[in-house]
Every structure is written in structure tokens, then in C-alpha cells.
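One structure below.
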Amino acid sequence: MFAMTVVVVGAGLSGLAAARHLTQHGVEVMVLESADAVGGRVRTDIVDGYRLDRGFQLYNPAYPEGARLLDYEALDLKPFIAGARIIISQGGHRQVIRVADPRRQPSWAVPSLTARIGSPLSTARFGAYAVSRAVRSPAALSGEPDITAEDALRRAGADRTLMERVLRPFLSGVFLESDLTTSRRFLDLVLKSFVQGTPSVPALGMQRIPDQLARGLDVRLDQQVASVSAHSVDVTGGDVHSAEGVIVATDPTTAARLIPGVRAPAARSVTTWYYRPTCAPDELADGEAALILDGARRGPLVNTVVLTHAAPDYAPAGSALIAASALGVRDTPAHESAVRDHLAWLYGVPTRDWDVIARYAIPYALPAMPVPFDLQRPTRTSRGVYIAGDHRDTSSIQGALVSGRRAAQALLSDLGIAAPNPAPSESLEAS
Ligand SMILES: Cc1cc2nc3c(=O)[nH]c(=O)nc-3n(C[C@H](O)[C@H](O)[C@H](O)COP(=O)(O)OP(=O)(O)OC[C@H]3O[C@@H](n4cnc5c(N)ncnc54)[C@H](O)[C@@H]3O)c2cc1C
């Protein structure tokens, strides 16, 4: 056993992944977290029996790093349909078009070829592009010239209808920006993971993911770190901890404050409302657990879903829970009213008497990933402090987990503990 202690600042997914990796190599780790629970941006509140993730998000079991670290059986992942319900307006009438991966949703295959969501040639070309991403290694993908996601999709053959009715509405909710200026490198990884896995939530909420990672670790809550150096950490109004190494695994803004020279990427923000509908759950979206997207962009929402169609335990028995998300963090009665009207259109039912259970506005939900984008950025800093977080890899659960491992590997290697960095071909595999 090594008598070495490392302090990890932040118990989000990246900090927990770093701590797990270090512990596996016999290093003593103390994780200092400013909040009252682990998870960072992956938290779940329980309100009147409803499980409310702090901002709607999904976990894709195809994430390679997650597959290595997590016990999927214990998470009891509840998959959504590998597709979406696109709502369009045809002659002023609301129409629902189901778009899906025909391999996993064969009964949706025929409508998915309809020209109302793009010409058959365009749809086929896009499908071929997505599959081509899935079979290439991330290292190969990152070797391709970087352009915006929008340019990549057009070059891949997506026509205007497919772009505006399906791809932009869908990807706006993934990138948290609707201009699709996000790097094609991230787009490609997103497509790869969607081809390989079906987005899901743990049966009892997203926080089950960090809770599982934290098991057995020495995590100290309510510890706001004020400053760090290569070998010490100061907690606001409290202790000073000495350590052989320090990993800062906070959100990007705090990391930039704690470590001079680190810059936080621009923020992508989002607001999620949770509603308790008054109609019978089966009346909503034909009982289907699919993301609902507006192919005509008639309101502020980027997506909505009946969470309980996939994960019934997100609500008390017999009730439904709806998540509805809009880009940005506007908070006015007029905006909420527009959200409600939009929901009425998307679900085709009256929504005036639906209850808002909670609203989560998240100013810094994702670090922006503009072109040119490096899939991996250094985890060593000139100050001798190590750094982890989704802003070091990709803005995703997968990226956060990989960044934690990479920071831990760099520190172990500098401490002379045998934990070689992955071979170059492997190093991007996990991004
Ligand atoms: C609304 C939303 C939707 C998302 N959707 C998806 C999705 O569908 N799929 C996906 O893969 N990803 C999604 N993501 C992204 C994913 O959740 C994040 O990339 C990931 O959780 C980031 O983890 P992290 O460890 O890098 O940072 P964080 O989760 O921000 O963790 C940092 C931790 O550091 C702590 N901290 C900060 N300052 C201090 C301090 N001074 N002292 C001590 N502790 C401190 C914080 O409290 C926090 O616990 C979404 C994120 C949000 C917010």
C-alpha cells in the first residue's frame, strides 16, 4: 500500500472517476465537494414522489468509459425508443411522424422513410453517414478535418427538410445550441453512440450514476475549496489539506478561478420544466417512450418527453411526469406560458391546468465545443495541479468520466506509480 494521499476537488462524475482510478492503484484519496451530495450536474431531487433530474438528461449505455465503470444491472437502465416523434404542421394540422433506427424499431421503419422528413435519398445518405461514424474508431474520426456539425451534415447529403424537421431539432437538444456550430468531431461521437446504444435513464433517477461511483470513496461534503496548489488545498473557513497531488475536477468556471491560466469554454445553457399532466398517462404520445421534437419549431421547447413511459418510478403510481426543455435560462411568466402552449401543440392535448412541479435553469450546462475542437485537452497544468472535467474531453457523461481517468493516469505516472497512459490508438477510444 502507498502512503500517498491525493485530494480531488469536486465530486461530479469526473472527480469520482479520477478517485476510483487512483484508489484502484492503491492511492489514498480524499474527495472534497462543496455541495450537499455527490453528482455535480447529475443530481436528482425527489419532490412529492416525483424524481426530478436537475435538467433533463439521458445516459447512453454505449459510452465505453461508463460501460467499464458502472454496474448497469444495479442501475436498472430504462431505455427510451431509439427514435423520436416529430410533430409537423401539414396544412395547419398537427401531424406526428415517427423517425427511428429501423433495426431497433422495425414497426416504425416505413414512416421513417416518408418524404415529409426529407427525400428518401437524403435520409439514406444520412443513415449511411451515421453508420460510417459507428464503424470508425474515434481516433480515425478525430483525424478528419474539423468543420461545424451543420456543414458536416449538409456534406453528408442531408437535405433541407431532413435538416430542419429532424436533425436541427434533435441536435439542438444535444448540443444545447441551434445553429449547429458545434464541432463535427462531437457530432460524430454522438451519432456513433446513438447507433450503438439506446439512451436511457436509471430506474430511480440519474443520480444513481454518481451515487454508484461514490460508493466506498472518502467523499467529504459541504467543503468549499477556496484555493489549491500542487501540494495543498484550502477549504473556505476551515482546513488546509496537504497532499502528494491535487486534481481539480470542478465545473469549468471554478477550475478557471482556482488554476491561473485555465480558461473556461463558453457556456451552453438550458431550462427544464417538470409537469404533472392532468390527462390519463396513456393519452400522452400514444404511450410511447420517445423524445418529442417540433419539426416546425413553433415554440421555445427543444424537446419534451413523458419520462414515466420509460421509467415509471419517476412518478407516484398511476401518474405521469413530463420533462420539457428550452435553450437558455429566461424566467418570465410569458415564457412559461409559451412553454405551456408549445406543450399543447406537441402533445395535442390541453395543458392550461397542468401543474409545474419544478423548473431547473442551468446557466452552465455544457461547455461549448466550437471548431476547431480537440477531443482531448491536457490534464496537467503548469501549476503542478491536475485538472479533470468534461471541458477536458467532450461535454458529456462519457467525456467527464474519461477526463477523470486521464487526470488520474497523468498524476500516477508523475508519482512513479505504474499506470501507463493508454496507447495512442486506445486513448481516444473512450472519448
Ligand atoms: C441539463 C443537462 C443535460 C445534460 N444532458 C446530457 C446527456 O443527455 N448526456 C450526457 O452524456 N451528458 C449530458 N450532460 C452533461 C453531463 O452531465 C456533464 O458533462 C457531466 O456531468 C460533467 O461532469 P463534471 O465532473 O465534469 O462536472 P460537474 O458535474 O460540474 O462536477 C463538478 C463538481 O465540483 C464541485 N465544485 C465546484 N466548485 C467547487 C469548490 N470550490 N470546492 C469543492 N467542490 C466544488 C461541484 O459542486 C460539482 O459537484 C448534461 C448536463 C446538463 C446540466
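Only the coordinates and a few stated rules stand behind these numbers; no lab work does. Note that the structure is a prediction, hence the values are computed from the model and not measured. Cβ: placed from backbone, ideal geometry, glycine included. Neighbour counts: every protein chain shown.
Any idea which of T123, P138, P169 is furthest toward the positive side of the dipole for region 118-195, if Lys and Arg beta-carbons carry +1 and Asp and Glu beta-carbons -1?
T123
Under a point-charge model restricted to the Cβ atoms of Lys and Arg (+1) and Asp and Glu (-1), what is the dipole moment magnitude of region 118-195 relative to its Cα centre, in debye to the nearest 20?
Details: 11 positive and 9 negative charges, 53 e Å.
Dipole size: approximately 260 debye.
In whole Å, what are the extents of the chain along the principal axes defined by its C-alpha atoms, from largest to smallest?
70, 48, 38
Run the numbers for A35 and Q95: contour at 0.36 nm per residue of separation, minus the present Cα-Cα distance, in nm. It would help to have the intermediate numbers written out before the result.
Working: separation 60, 0.36 × 60 = 21.60 nm, distance 4.45 nm.
Contour length minus the Cα-Cα distance gives 17.1 nm.
Could you list which residues have their amide H under 5 Å from that of D45, counting only those 5 or more apart in sequence or on another chain, with H placed in the peptide plane?
Placed amide hydrogens put L52, D53, R54 under 5 Å from D45.
Of G328, Q376, P312, which is farthest on the positive side of the dipole of region 298-382, counting Cα position, with +1 on Lys and Arg Cβ, -1 on Asp and Glu Cβ, and the Cα centre as origin?
Of the listed residues, the answer is Q376.
Sorting V99, V8 on the 10 Å Cβ count, fewest up front, what's the list? Walk me through the intermediate numbers first.
Values: V99 26, V8 34.
Exposure proxy ranking, most exposed first: V99, V8.
Under the rule of -39500 (n - 2.57) per DSSP H run of 4 or more residues, summed and divided by the residues of the chain, what mean residue ellipticity at 222 nm is obtained, to the nearest 500 deg cm²/dmol?
Numbers: 15 runs with 130 residues, N = 431.
That comes out to -8500 deg cm²/dmol.
Rounded, prolate or oblate: which one fits region 118-195, using the alpha carbon gyration tensor with axes a ≥ b ≥ c (rounded when a/c is under 1.5, else prolate when a/b beats b/c, else oblate)? The partial results should precede the final answer.
Working: a/c = 1.70, a/b = 1.22, b/c = 1.39.
Note, shape of region 118-195 comes out oblate.
How would you rank 368-374, 153-159, highest first, on the average number of other Cβ atoms within 10 Å across their residues? Don't skip to the answer; put the middle values down first.
Values: 368-374: 16.3, 153-159: 18.3.
Ranking the peptides 368-374, 153-159 by packing returns 153-159, 368-374.
To the nearest 0.05, what FRET efficiency results for A296 and V371 with a Förster distance of 22 Å applied to their C-beta separation? Write down the numbers at each step before the final one.
Details: r = 28 Å, r/R0 = 1.28.
It comes out at approximately 0.20.
In which sequence would L141, L22, L121, L191 go, from the one with the fewest C-beta neighbours within 10 Å to the one with the most? Could you put the intermediate results ahead of the total?
On the way: L141 21, L22 31, L121 11, L191 24.
Fewest to most other Cβ atoms nearby, the residues stand as L121, L141, L191, L22.
Any number yet on Rg/Rh for region 1-61, C-alpha, Kirkwood?
Numbers: Rg = 14.7 Å, Rh = 13.3 Å.
When Rh is taken as the Kirkwood radius, the ratio is 1.11.
If Lys and Arg each add +1 and Asp and Glu each add -1, what is the summed charge of the other residues whose beta carbon sits under 15 Å from the beta carbon of M4?
Values: positive: none; negative: E28, D218, E244, D414.
Local charge sum for M4: -4.
Among I247, I147, rank each residue by its count of other Cβ atoms within 10 Å, from fewest to most, as a rough exposure measure.
Numbers: I247 31, I147 17.
Listed from fewest to most nearby Cβ atoms, that is I147, I247.
Given Cβ point charges of +1 (Lys, Arg) and -1 (Asp, Glu) and nothing else, what value in debye, to the nearest 20, does the dipole of the chain about its Cα centre take? Please report the intermediate quantities before stating the final value.
Numbers: 43 positive and 44 negative charges, 255 e Å.
Approximately 1220 debye in magnitude.
Listed highest first by mean packing, meaning other Cβ atoms within 10 Å per residue, what order do 196-208, 379-391 come in? The partial results should precede the final answer.
On the way: 196-208: 20.8, 379-391: 23.2.
Most protected by this proxy first, the peptides run 379-391, 196-208.
May I ask you to evaluate 6.51 cos²θ - 1.76 cosθ + 1.60, the Karplus curve with θ = phi - 60°, for each residue of region 128-144 and list the ³J(HN,Hα) values in order in whole Hz, giving x for glycine and proline?
Working through the residues one at a time gives 5, 5, 4, 5, 5, 5, 5, 8, 8, 6, x, 4, 5, 4, 6, x, 7 Hz.
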